[in-house]
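Here the structure is laid out as C-alpha cells; the discussion comes afterwards.
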Amino acid sequence: MATSRVLIVVLDGLRPDLVTEERMPFVHSLAAEGTRLTRYAAAYPPHTRVQVATMCTGTYPGQHGIVSNVMVLEEAGEDGILDTSDFRQIAELDRRTQGRAILRPPLADLLAARGQRLAVAASGSTGSSWLWARTQPFRLVNPRSVFGLPDLAALREKLGPPPDPTDSSLELVRYAIRAARDLFLPDPDVAVTVLWLHEPDATFHFAGLGSPESESVLRQLDELLARFFDHLAARRLLNDLLVFVLSDHGQSTPLHHRSLSELLRQAPPLPVLDRLVPAGDFLFRRPGSTTPKPAELAPLIEWLLEQPWVGAVLAHPSLTSARPGTAALTAVWGGSLERDALERLPLLAVSPTWRADQNEFGVAGVVTALTEQVALRSTHGSGSPFELQAFAVMLGPNIRKGFASRIPAGVVDIVPTIAAVLGLTPEQPFAGRVLQEAFDESWQPSIRSELCRPTPGAIVLGWRTEGTFYLDRIAGPDQFWDDRSG
C-alpha cells in the first residue's frame, strides 16, 4: 500500500444512485479506474458535521462526541446551544473544555506528530472546515472566512479575492478547487489534502432531488472535477496519490415540514418536557436541569411510539429501561461508546418514518422530516437508507481497477486507511478499519448482519465487517426489508 500523499474529495450530499453516466459521466467513469465501495455508509445521524468528525477521527459519535449538527450541552455557553456550522462556537467549546470540542485526536494531529501537514480547501460552512483543521490550522482556505488568523488571510491572498458567499454557489466551489489545485497539491509538505465541496447538498436542499436545478448542478460539478483531475494528471500530481472521491451522506425528500418542537406540542401535558430541549431529531437535557428518571420519560416515550411519524425511538444508554420498545442509541454505532461522550448524547432520538416512494421528479426516498424549515426540499438526518448510503470510489497506483466491492464499509474507515497507507500510529484504536478490499483481491473478511427489534415495527439493521459496525437502516416498510436486507 506504498504511497506518499492522499487527496480526499467530498461532494456533500451526493446520493450514489444519482451518479449515472448520463448525469455525471466523469465521476461515473472513475469506477472503472479504481475501486467503488457500493455499500458505503454514513454514521448516524447523517448530518454533515457528524460525518466530518467521524471521518477525521476514524471513530463514531459515541466516541468523538459530535452527535448532531446542533447540540445542547452545559459547556456550550450561556444558552447551552452548540451550532457546529459556526467555527467560532466550536473554538469557544475548545476554550471552555481545554481543547476537548472533539474527544478523539483528528487526522491533523496524527500527521503533525510525523512532521506532516493536513490542508483543507472547502466551500461549505466554516464549522465543517474548522473541525478538520482546528488543532493544526495552518493550511486552510474557505471563501467564507479566514478564521480570525492573519496567516490564513495571507494564504488566501495568493488566490485573489474570494467570491462573496452570496454569489453563485458554484463560484465558491471553483475557489475551493483552485486552492487545492494551486496551493496544496503542489506543496510537498502537505501529506493529505481535503477538498470539501458543499454542492450538490446546497442545491438539493433548496431545489429538490431530481429538479432541473439539481440536475444542472450535478452536470456542472462533473465538468469541474473532470478539468481538476485533467490538470493534476498533466502536472503528474496523481502519480503517487491515493485518491478518495466521496460523499458524506445521502438525501431524502421530506413529506412534511414539522420540527420535533412543533410536533411535541401535540403531546399530552407532561412535566418532563420542561427539562428537555429538542434539537433536530434529538431531545437533550435542558442545561441546569436534573436528568429525568426512566419512569418520568416513560409516558413521553409511549406517546412517541404511537405517532405515525415515528419510525423508532432510541434512548440514552442509561435510559433503555424507560420503556420497552426503545433501543439504545449506541446500537446505531455498534456499541461504540466512551465515558467522556456520555454527557454529549441526547436522552432520546426520534428516527422518523420513511418510504421508498418517488418524489415529483421520480427520485425515490421520502421521509417525515423532523428537522426542516418550510423552504427546504430535501433533508438528511434520519435512519433512512436513502440518507445513510453514500458514494465512494478509491483511486491510486495500488488500488484495484474496475472493482465494485459489496463489502460493507463507511465514513469511519477513511482515516484508518490513510493511517495504514502513510504509516501513522493512532494514540487510541480506531472504530473504523483499513479498506483492505481496495488493495488485496485475496482478502476475505468476516461479515455478519446485526438486527435489533425493540418492537415489531422498529428495527435497527447493521452489518459488521471484521469487527467494524455499519448502520444500514432504522425502521422502514416491511416490503423494503424483504427486498433489501439480504
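Any read-out appearing in this document is the output of simple, stated calculations on the displayed coordinates, not a laboratory observation. Keep in mind that what you see is a predicted model, and the values were worked out from it rather than measured. Neighbour counts run over all protein chains shown; Cβ positions are idealised from the backbone, glycine included.
Assorted remarks:
- From the alpha carbon centroid of the range 120-189 to that of the range 238-280 is 27 Å.
- The chain: antiparallel DSSP beta bridges as a percent of all, rounded to 5: 55 percent
- Computed from the C-beta positions of Gln428 and Glu343, the FRET efficiency with R₀ = 22 Å rounds to 0.70.
- Length added when fully stretched, Arg464-Glu171, from 0.36 nm per residue minus Cα-Cα: 101.4 nm
- If the segment from Ala364 to Thr290 were pulled out straight at 0.36 nm per residue, it would be longer than the present Cα-Cα gap by 22.4 nm.
- Counting Cα-Cα pairs of the chain in 10 Å increments starting at 0 gives whole-percent bin shares of 4, 21, 32, 27, 13, 3, 0.
- Within the range 66-222, DSSP assigns beta bridges of which about 35% are antiparallel (rounded to the nearest 5).
- Restricting the trypsin sites (Lys or Arg not before Pro) of the range 142-222 to loop positions (DSSP other than H, G, I, E, B) with no more than 11 neighbouring Cβ atoms within 10 Å leaves Lys158.
- Gain in span if fully extended, Ala267 to Trp443, counting 0.36 nm per residue against the direct Cα distance: 58.1 nm
- Positive minus negative residues near Arg448 (Lys, Arg vs Asp, Glu; Cβ under 13 Å): -2
- Ranked by how many other beta carbons lie within 10 Å on average, peptides 228-236, 390-398, 190-198 from highest: 190-198, 390-398, 228-236
- Projecting the Cα atoms of Asn69, Ser29, Asn239 onto the dipole axis of the chain, where Lys and Arg carry +1 and Asp and Glu carry -1 at the beta carbon, places Asn239 farthest toward the positive end.
- Annotation: the antiparallel percentage among DSSP beta bridges lying fully within the range 219-368 is about 70.
- Between Lys158 and Glu223, the distance separating the two model label sites (each 7 Å from Cα on the Cα→Cβ line) works out to 2.9 nm.
- Given charges at beta-carbon only (K, R positive; D, E negative), |dipole| of the chain in Debye: 780 debye
- Scattering profile of the range 306-357 at q = 0.20 Å⁻¹ [log10 I(q)/I(0), Debye over alpha-carbon scatterers]: -0.72
- Over the chain, dividing the summed -39,500 (n - 2.57) contributions of all DSSP H runs of at least 4 residues by the number of residues returns a 222 nm mean residue ellipticity of -7500 deg cm²/dmol.
- Average Cα contact separation per residue, the range 332-384, under 8 Å, 6 or more apart, as relative contact order %: 26 percent
- Ordering of 55-68, 201-214, 298-311 by packing is 55-68, 201-214, 298-311, highest average first (other Cβ atoms within 10 Å, averaged per residue).
- Distance in nm between pseudo-label sites at Phe403 and Ala112 (7 Å out along the Cβ direction from Cα): 3.5 nm
- Descending by average beta-carbon neighbour count within 10 Å, the peptides 341-353, 408-420 line up as 408-420, 341-353, the highest first.
- Over all Cα atoms in the range 409-460, the spread is summed up by Rg and Dmax: 15.3, 46 Å.
- Distant-in-sequence amide contacts of Ala404, defined by a placed amide H-H separation under 5 Å and a gap of 5 or more residues or a different chain, comprise Arg36.
- Using R0 = 22 Å, the C-beta based FRET efficiency linking Glu33 and Ala420 works out to 0.55.
- Each listed q (0.18 Å⁻¹) maps to a log10 I(q)/I(0) for the range 218-301, found by the Debye formula over equal Cα scatterers with no solvent: -0.88.
- The label point for Ala234 and the one for Ile81, both projected 7 Å from the Cα toward the Cβ, are 4.8 nm apart.
- Neighbours of Ala176 by Cβ distance under 12 Å: Lys/Arg scored +1, Asp/Glu scored -1, total +1.
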